[in-house]
Amino acid sequence: MESLTTRKQLNNGTSIPMLGYGTYKIKDPAEAYNSVKLALDNGYRHIDTAAFYENEKDVSTAITDFINAGHAKRDEIFVTSKVWKTELGYDKTLVAFERTMKEMTLDYLDLYLVHWPSSSAFDDDWVNTNRQTWKAMMEIYKSGRVKAIGVSNFLTHHLDTIIDMEIMPAVNQIEINPGFLQKDTVDYCQDKGIIVEAWSPLGRGKSLSHPVLQELAAKYGKSVAQIILRWEIQHDVIPLPKSVTPERIVENSQVFDFELDEDDMQSIDDIPPYGNSGHSPDAP
Ligand code: A2P
């Protein structure tokens, strides 16, 4: 049976656990430390942070303490961070990465992502900016300090700006929640072997009140959150649910003992846009 430790193959030969723990908005140091520790204690082996979240230090300290206590080996925990959108371009990305590595108590990252693309909507030189950023990412990858590189919030036209370069992104992390599957981007990535991750997989909690999802929760004897996470997993997407609530951290991990049938998958696909953030990668 699949579990929190089941991994998917990335296109560079490394692998990634098929469900992760998101840490966006957990800024308070004690809360960041304790919730990551709780996630690890409950079997999560994939932790997602970013420079923008301002918690890289506490998140990584929880991870290293867990490892030093003998509960897991470093290579059993998959750790991601990201370069923020104000630091795009070759030089700035290299500087941002060094800052992240200074902040984090780890020798290497499993995945480093470009958090947002540059876009024609706010940068006349956007294609070049994306290419220069990706050039820095490839250099970071070749240094061996990250096991894989990828992007986040790249739609198909952003991906097109770097797809011909020497190294293909291993991952694209985009917003996905019921009503907001972003199918064009998911299809583009899956066609090219780029693993898709979902941020805000529960629509920051807004998706939980949808009647279709509530009916399915009753039908399967699961919570609405579990139905949504299962829907994402069955779309071959890696969800990164965030919670600081102990029972929810456990609940969100228990999504491997049931399967949604095709009709129910379709009925979630058919939910009109609902609960998504409205953040566009083409807005400044
Ligand atoms: P909290 O952190 O207070 O537990 P997303 O992962 O889509 O960004 O959603 C995160 C939001 O959803 C947070 O506000 C979180 O609240 C809430 N949340 C996470 N898991 C669950 C769950 N299983 N049931 C209800 N709300 C949840």
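We did not get these values from a lab; they are worked out from the coordinates using the rules stated. None of the values given here were measured: they were computed from a predicted structure. In this analysis, Cβ positions are derived from the backbone assuming ideal geometry, glycine residues included, and neighbour counts consider all displayed protein chains.
What are the residues in the range 39-69 that are in contact with a strand residue (DSSP E or B) (Cβ under 9 Å, 6 or more places away or on another chain), closer than 25 Å to residue 6 by Cβ and not in a loop (DSSP other than H, G, I, E, B), if any?
39, 40, 46, 47, 48, 59, 60, 62, 63
Does at least one position in the range 57-75 carry a residue that is under 17 Å from the mean Cα position of the chain (by Cα) and charged (D, E, K, R)?
No; the residues of the range 57-75 include none that is under 17 Å from the mean Cα position of the chain (by Cα) and charged (D, E, K, R).
Mind listing whichever residues of the range 25-38 are assigned to a loop (DSSP other than H, G, I, E, B) and basic (Lys, Arg)?
Applying the first criterion (assigned to a loop (DSSP other than H, G, I, E, B)) to the range 25-38 yields 25-28.
Within the range 25-38, 25, 27 qualify.
In the range 239-284, what residues are of a type in the set (Val, Ile, Thr), under 20 Å from residue 23 (Cα atoms) and touching a helix residue (DSSP H, G or I) at 6+ places or on another chain (Cβ under 8 Å)?
First, pick out the residues of the range 239-284 that are of a type in the set (Val, Ile, Thr): 244-245, 249-250, 255, 268, 271.
Filter once more, so that each one left must be under 20 Å from residue 23 (Cα atoms): 244-245, 249-250, 255.
244, 249, 255 - these are the residues of the range 239-284 that are of a type in the set (Val, Ile, Thr), under 20 Å from residue 23 (Cα atoms) and touching a helix residue (DSSP H, G or I) at 6+ places or on another chain (Cβ under 8 Å).
In the range 157-166, is there at least one residue being touching a Leu at 6+ places or on another chain (Cβ under 8 Å) and more than 16 Å from residue 273 (Cα to Cα)? Can you show your working first?
From the range 157-166, those touching a Leu at 6+ places or on another chain (Cβ under 8 Å) are none; that's our starting set.
No: the range 157-166 contains no residue that is touching a Leu at 6+ places or on another chain (Cβ under 8 Å) and more than 16 Å from residue 273 (Cα to Cα).
List the pairs whose first member sits in the range 98-110 and is in a loop (DSSP other than H, G, I, E, B), whose second member is surrounded by 14 or more Cβ atoms within 10 Å (Cβ to Cβ) and among the aromatic types (Phe, Trp, Tyr), and whose Cβ atoms are under 8 Å apart, counting only residues at least 6 apart or on separate chains?
110/78
Report those strands (runs of 3 or more DSSP E) wholly inside the range 170-284 carrying at least 2 residues which are of a type outside the set (Asp, Glu), more than 18 Å from the chain's Cα centre (by Cα) and within 16 Å of the ligand (Cβ to nearest atom).
Values: elements: 171-175, 195-199, 237-239.
Counting at least 2 such residues, we get no strands (runs of 3 or more DSSP E) at all.
Restricted to the range 130-164, and to residues that are charged (D, E, K, R) and in contact with a strand residue (DSSP E or B) (Cβ under 8 Å, 6 or more places away or on another chain), which residue is nearest to residue 188 (Cα to Cα)? Outline the logic, then answer.
First, the residues of the range 130-164 that are charged (D, E, K, R): 131, 135, 139, 142, 145, 147, 160, 164.
Applying the additional criterion that residues be in contact with a strand residue (DSSP E or B) (Cβ under 8 Å, 6 or more places away or on another chain) yields 145, 147.
Details: 145: 28, 147: 23 Å.
Here the residue is 147.
Checking the condition touching a helix residue (DSSP H, G or I) at 6+ places or on another chain (Cβ under 8 Å) and in a strand (DSSP E or B), which residue from 119, 81 passes?
Working: 119 fails: in a strand (DSSP E or B).
It is 81.
Take the range 25-41 and flag every residue that is within 13 Å of the ligand (Cβ to nearest atom) and over 19 Å from the mean Cα position of the chain (by Cα). Let's see the steps before the verdict.
Let us first name the residues in the range 25-41 that are within 13 Å of the ligand (Cβ to nearest atom), namely 25-28, 31-32, 34-36, 38-39.
Those that are within 13 Å of the ligand (Cβ to nearest atom) and over 19 Å from the mean Cα position of the chain (by Cα): 28, 31, 34.
For the range 55-86, enumerate the residues that are crowded, with 21+ Cβ neighbours inside 10 Å and either acidic (Asp, Glu) or in contact (Cβ under 8 Å) with a residue 60 or more places away in the chain (or both).
Those that are crowded, with 21+ Cβ neighbours inside 10 Å and either acidic (Asp, Glu) or in contact (Cβ under 8 Å) with a residue 60 or more places away in the chain (or both): 56, 58, 78, 80, 82.
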